[in-house]
């Protein structure tokens with residue numbers, strides 16, 4: 001086995017887990033799930049069924065990642081983040097055919113206790129702050145906070161808030177052209 005799973009973790013059959021991944025206490029990986037290299041799952045995580053997770057992803061404690069969620073490379077998901085997969089669930093009505101896809105794009109961060117409503121995409125390197133309720137798509141590099149989440153600024157690849165001087169991001173890690181293109185769209 002090229003990955004580590006704690007003795008209390010449950011790994012179902014038909015799961016793909018790449019090398020270097022670590023799965024900690026009381027976590028359960030359900031059938032049909034694919035997990036990339038060098039990922040980390042904190043204690044008490046449930047993943048799947050049929051979820052795809054990229055390389056270098058960090059999933060903190062107490063998170064359930066349901067069918068319909070796709071997580072790209074280098075994403076950070078803070079403790080107790082909540083994902084949904086149906087807009088209007090009822091215990092007495094099966095709505096599995098209504099699952100809405102949710103995508104977390106490369107390098108984005110979702111802070112502790114945030115809620116991600118199904119059907120949204122969080123853009124590359126965006127940051128949803130702790131406790132935010134994300135109910136619409138998030139632009140790449142956007143900084144989102146609140147209930148419902150609203151954009152209050154931009155972050156660079158480093159996760160630091162960007163300030164702009166003469167329409168140039170003052171952050172050594174920023175992808176300037178992409179940020180500037182988003183700012184031009186915002187100004188229209």
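Placing dummy labels 7 Å off each Cα toward the beta-carbon, the span from residue 18 to residue 147 is 3.7 nm. Three principal axis extents of the stretch 62-135 based on alpha-carbon atoms, in descending order, are 37, 20, 19 Å.
Counting pairwise Cα distances across the stretch 57-105, what percent come out greater than 17 angstrom?
Details: 475 of 1176 pairs.
Taking all Cα-Cα pairs of the stretch 57-105, the fraction more than 17 Å apart is 40 percent.
Considering only 153, 68, 131, the Gaussian network model of the chain with Cα springs below 10 Å gives its largest mean-square fluctuation to 153. Express in whole angstrom the spacing between the alpha-carbon centres of the stretch 60-75 and the stretch 7-33. Cα centres, the stretch 60-75 to the stretch 7-33: 13 Å. Helix 176-187 axis versus longest C-alpha principal axis of the chain: approximately 70°, rounded to the nearest ten. Percent of Cα pairs in the chain per distance bin of 10 Å, from zero to the largest separation: 10, 36, 32, 17, 5, 0. Please label the shape of the stretch 1-71 as rounded, prolate or oblate, based on the square roots a ≥ b ≥ c of the eigenvalues of the alpha-carbon gyration tensor (a/c under 1.5 means rounded; beyond that, a/b larger than b/c means prolate, else oblate). Taking the square roots of the gyration eigenvalues as a ≥ b ≥ c, the stretch 1-71 is rounded.
Using a simple spin-label model with pseudo-atoms 7 Å out from Cα toward Cβ, residue 10 and residue 97 lie 2.9 nm apart.
Go ahead and estimate [θ] at 222 nm for the chain from helices alone: -39,500 (n - 2.57) per DSSP H run with n ≥ 4, summed, over the residue count, rounded to 500.
-2000 deg cm²/dmol, from helical runs alone.
None of the figures in this text is laboratory data; all of them are computed from the coordinates on show. Fair warning: this is a prediction, and the values are worked out from it, not measured in the lab. Glycine gets a Cβ as well: all are built from the backbone with ideal geometry, and neighbour counts include every protein chain shown.
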